[in-house]
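These notes concern the structure reproduced below.
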Amino acid sequence: MSKNISLNHNSIDRATKGDSSYDEIANILIRKNITLVAHYYTPSEIQILAEETGGIVSDSLDMARYGSRSRSSTLLVAGVRFMGETAKILNPEKTILMPNLHADCSLDLGCPPKEFRLFCEKNNDREVVVYANTSARVKAQADWMVTSGTAVDVVRHLHEKGKKIIWAPDKYLGDFVQRQTGADMLMWDGSCIVHEEFKAQELRELVARTSDVEVLAHPESIKDVLEQADFVGSTTALIDYAKGSKSKNLIVATDKGIFYKMAQAAPNKNLIEAPTSGESATCKSCAACPWMSLNNLISLKESITNENNKIEVPSAIVKEARKPIERLLEFASDSKQVVFGNNDA
Ligand code: SF4
C-alpha cells in the first residue's frame with residue numbers, strides 16, 4: 001500500500017537532539033573536524049546530523065564535488081560504498097570513513113569488474129559510460145562516469161559526436177536515456193532493487209483516485225512507471241520540482257529517505273509514496289534501500305570514535321577511475337543544464 005508521509009520536524013528534532021548519542025556524535029564530529037557528507041536516502045537523523053554539524057546532504061554528484069571543497073582532512077561518507085570510493089578517488093590525500101563498509105548497492109554488486117572488462121573488450125568500438133553506482137574498478141575501465149542528473153546530457157553529447165556507447169549498469173536508466181537521446185547504447189543488465197519495485201498498475205489506480213496530483217519519478221524506475229510521471233529527474237531535481245510544483249499532492253517514486261529534504265523544500269505538499277505493493281507485489285525493499293539503512297547513529301559513532309571503516313582504493317585504480325569522474329565534473333560545470341525534465345519519457 002502507498003502511504004502518506006507527514007514528517008513532523010519537531011518530533012524528529014526531539015528524537016535526535018534529545019538523544020545523548022546524537023549530541024555525543026555531533027561533538028566528536030566537530031572536535032575531530034570530520035565533515036559528514038550524507039546522501040538523501042540515508043535515515044533522517046543522519047541527514048539532520050550532517051546539516052547541523054556543517055556537512056551536507058545531497059546527491060552523489062554534489063557529494064563528490066563537496067568532498068573536494070571541504071577543508072576537513074577526514075570525511076565521513078554516509079551512503080553506500082561506491083560513494084565512499086568516489087570521495088577517496090577525488091581526495092586520495094584525505095581519510096574517508098564510512099559508517100558501514102558493507103553498505104553496498106545492487107547496481108554495483110551486479111557489475112563485477114572482471115565480467116565488465118570482458119564485455120568492454122568484446123565491444124571495443126564503443127565509448128564506455130558508467131553510472132556513478134559502480135565500483136572504483138569498474139569506473140577505472142570507463143571513459144565517462146555519469147549521475148542520473150547528467151546522464152542524458154552526456155549521452156546526447158556523445159551521440160551528437162557520432163559515438164556508439166556501452167552503458168552500465170542500470171538497464172532502466174539506460175533505457176530512459178536511450179529514449180531521450182536516440183543514442184546507440186549497448187546495455188549491461190543491472191537494476192536497482194528499490195526502484196524496480198514500484199508498481200505501474202497500482203500507481204495508475206492511485207493517480208485515478210487522487211485529485212490535484214502529480215507523479216515524480218527517479219529514472220532508475222521501470223518504464224511503465226516513468227511513462228506515468230509528470231517529472232523524471234535525479235534526487236536533487238525531484239526536490240527542486242516538488243518545491244515549484246503547483247499541485248497539492250505529489251506521488252514520489254524513489255527511496256523514501258528523500259522525503260526528509262523534500263518536506264523541508266515543499267512543506268505545504270502532501271507527499272505520497274509511490275506504491276510498491278498490490279496484486280503483483282513481490283516487494284522486498286519497499287522504497288527503502290537496505291544498504292542505505294546501514295547508516296545509523298550506532299555505526300556512525302563507532303566509525304568516528306575508532307576511526308575505522310576506512311575506504312582504501314589502490315593508487316593505480318585511483319589514477320584510472322579519476323579520469324571519467326573528472327570528465328563529468330568538467331562537463332557538468334560547463335553545461336548549463338545538468339538536470340532534465342520529462343515530457344515524453
Ligand atoms: S537505492 Fe538502489 S541505486 Fe541507490 S544505493 Fe540502494 S540499491 Fe543502489
Please list, short to long, the whole-number percent of alpha-carbon pairs of the stretch 68-133 in consecutive 10 angstrom bins beginning at zero.
19, 39, 28, 13, 1
Have a look at ASN295, CYS105, SER68 and report the one farthest towards the positive end of the charge dipole of the chain, computed about the Cα centre with Cβ charges (Lys/Arg +1, Asp/Glu -1).
SER68
Of LYS163/LYS323; LYS88/LYS199; LYS114/LYS164, which ones are farther than 29 Å apart at the Cα?
LYS88/LYS199
Taking the Cα centre of the chain as origin, work out the dipole magnitude from +1 charges on Lys and Arg Cβ and -1 charges on Asp and Glu Cβ, in debye rounded to 20.
620 debye
Run the helix sum for the chain: -39,500 (n - 2.57) per DSSP H stretch of 4+ residues, divided by residue count, reported at 222 nm to the nearest 500 deg cm²/dmol.
-12500 deg cm²/dmol
Calculate log10 I(q)/I(0) of the stretch 164-234 for q = 0.22, 0.28 Å⁻¹, where I(q) comes from the Debye formula with a single equal point scatterer on each Cα and nothing for solvent.
-0.93, -1.27
Separation between Cα centres of the stretch 147-209 and the stretch 245-262, rounded to whole Å:
20 Å
Rg over Rh, two decimals, the stretch 195-273 (C-alpha only, Kirkwood Rh):
0.92
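Please state the charge dipole magnitude for the stretch 107-191, taken about the Cα centre, from unit charges on C-beta atoms (+1 on K and R, -1 on D and E), reported in debye and rounded to the nearest 20.
The dipole magnitude comes to about 120 debye.
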Could you pull out every one of the aspartates and glutamates with an alpha carbon less than 15 Å from that of LYS301, ignoring same-chain neighbours closer than 8 positions?
ASP19, ASP23, GLU24, GLU45
If I histogram all Cα-Cα distances within the stretch 107-191 using bins 5 Å wide from 0, what percent of pairs lands in each bin?
3, 17, 31, 27, 16, 5, 0
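Could you check what % of the DSSP bridge pairs in the chain are antiparallel, to the nearest 5?
10 percent
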Compare the Cα positions of TYR131, ILE258, THR95 along the charge dipole of the chain (+1 at Cβ of Lys, Arg; -1 at Cβ of Asp, Glu; about the Cα centre) and return the one farthest towards the positive end.
THR95
Span per principal axis, largest first, for the Cα atoms of the chain (Å)
56, 55, 38
The chain: DSSP helices with Cα axial extent of at least 24 Å and average Kyte-Doolittle hydropathy no lower than -1.0
315-334
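We did not get these values from a lab; they are worked out from the coordinates using the rules stated. Worth saying up front: this structure is predicted, and the values here are computed from it rather than measured. A quick note on method: Cβ atoms are made from the backbone with ideal geometry, for glycine too, and the neighbour counts reach across all protein chains shown.
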